[in-house]
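Let me begin by presenting the structure, written as structure tokens, before commenting on it.
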Amino acid sequence: MSKEGKLTGVQKAAILFITIGPEAAAGIIKKLPESEIQKITYEIANINSVTGEQREEILSEFIDMNQARDYIKEGGMDYARALLSKALGSQRASDILNKVSEATSQYRPFSIARKADAHQLLNVINNEHPQTIALILCYLQPDKAAQVMAELPEDIQTDVAFRIATMSTTSPMVIKEIEKVLEGKLSSVVRTEMTTIGGVETLVDILNQVDRTTEKNITESLEREDAELADKVKSSMFVFEDVITLDDPSIQRILREVEAKELALALKGCSEEVANAIFRNQSKRAAAALKEDMEFLGPVRLMDVEKAQQKIVSIIRRLDEAGEIIISRGGEDAIIL
């Protein structure tokens with residue numbers, strides 16, 4: 001391990017998380033982007049030892065930077081500089097404020113779009129080129145991007161989905177040009193480095209939030225456009241029918257979270273294999289009651305069935321993220337769709 005002064009920001013973050021302990025670190029790291037989590041966890045795994053001096057210096061820097069941010073919010077940069085100079089000396093104060101300034105100067109593009117109502121945003125971008133829409137959706141929260149995607153015309157959905165999945169990098173120039181077109185409606189000009197965005201993971205995040213009909217339309221259209229890409233997208237997703245790929249303990253854990261009426265509705269019209277996977281993980285009495293509930297429902301709308309299935313899938317994904325069940329993805333354990 002090099003001296004603290006030569007450590008990268010990621011290495012410092014790794015040492016900070018080691019220092020504050022797993023519980024506190026988990027509360028912070030879960031809010032970070034996946035790419036940053038991967039970098040930091042890699043560093044944590046590869047750190048063999050940390051000196052007491054390194055821990056103290058990095059923790060002190062972390063505290064100073066947070067204090068500087070509080071001062072800036074309270075009274076501005078000059079106010080923060082005056083207070084920090086008294087406490088730390090002018091040189092140390094300048095160093096801390098420079099780091100804070102550098103960290104807060106890199107704004108995420110389309111920040112106003114992230115705050116806008118989804119329907120208002122749709123009205124603004126509805127007539128834009130699919131590539132423009134795809135770029136903007138990449139910068140939105142997945143749930144908001146899903147709302148916008150679901151309201152787009154079906155042929156535009158496919159085009160936009162394809163562009164998101166195949167997007168890799170976008171230059172600051174392109175981002176600025178698009179922002180100028182949407183100036184006054186979406187966001188201000190953003191200064192940013194060449195940014196890696198889009199890709200299969202971004203599309204999957206969005207598709208995981210949309211209704212089943214939209215999801216199905218997009219994945220089927222992707223299959224026609226690019227079968228290999230569609231396979232990559234589907235292998236990263238989990239749909240209701242994939243319950244059959246879960247082990248019995250996982251299914252039993254999921255059933256404890258699902259309401260009986262919701263489950264009965266979700267099973268209407270599903271394959272016999274899926275229904276049997278549910279029934280065999282219930283007691284005979286519970287399975288019989290569930291079958292009666294399904295018969296009592298009578299004819300139901302496909303929309304209602306898909307909505308119930310989507311709620312259960314949301315529970316499954318939540319349990320997967322919490323580590324309470326495991327959804328196999330990729331490689332030899334790939335989910336068969």
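A few remarks follow.
- Extension gain from ASN126 to SER314, taking 0.36 nm per residue of separation minus the Cα-Cα distance: 64.9 nm
- Note, ³J(HN,Hα) from phi for segment 139-155, Karplus 6.51, -1.76, 1.60, rounded to Hz, x at Gly and Pro: 9, 8, 5, x, 5, 6, 4, 5, 4, 5, 4, 5, 8, 6, x, 4, 5
- Full extension of the chain segment joining LEU59 with HIS119 gains 17.2 nm, where the gain is 0.36 nm per residue of separation less the Cα-Cα distance.
- Residues MET173 and SER90, FRET efficiency given R0 of 35 Å [Cβ-Cβ distance, rounded to 0.05]: 0.35
- Euclidean distance of C-alpha centroids, segment 139-164 and segment 256-310, integer Å: 30
- Rounded to whole numbers, the Karplus 3J(HN,Hα) couplings from phi for segment 264-273 are 4, 5, 5, 7, 5, x, 7, 5, 4, 5 Hz, using 6.51 cos²θ - 1.76 cosθ + 1.60 with θ = phi - 60°, and x at Gly and Pro.
- Residues with amide H under 5 Å from that of THR170, placed H, sequence gap 5 or more: THR195, ILE197
- In this calculation the C-beta distance from THR213 to LYS284 is compared with R0 = 45 Å, giving a FRET efficiency of 0.80.
- Shape descriptor for segment 253-321: Rg over Rh equals 0.94 (Cα atoms; Rh from the Kirkwood inverse mean 1/r).
- Taking 32 Å as the limit for the C-alpha separation, the pairs LYS232/LYS261; LYS144/LYS176; LYS176/LYS307; LYS144/LYS261; LYS39/LYS261; LYS284/LYS307 exceed it in the case of LYS232/LYS261; LYS176/LYS307; LYS39/LYS261.
Throughout, read-outs are computed from the coordinates displayed, never taken from laboratory work. Being a predicted model, the structure only gives us computed values, none of them experimental. Here the Cβ is made from the backbone with ideal geometry for all residues, glycine too, and neighbour counts use every protein chain on show.
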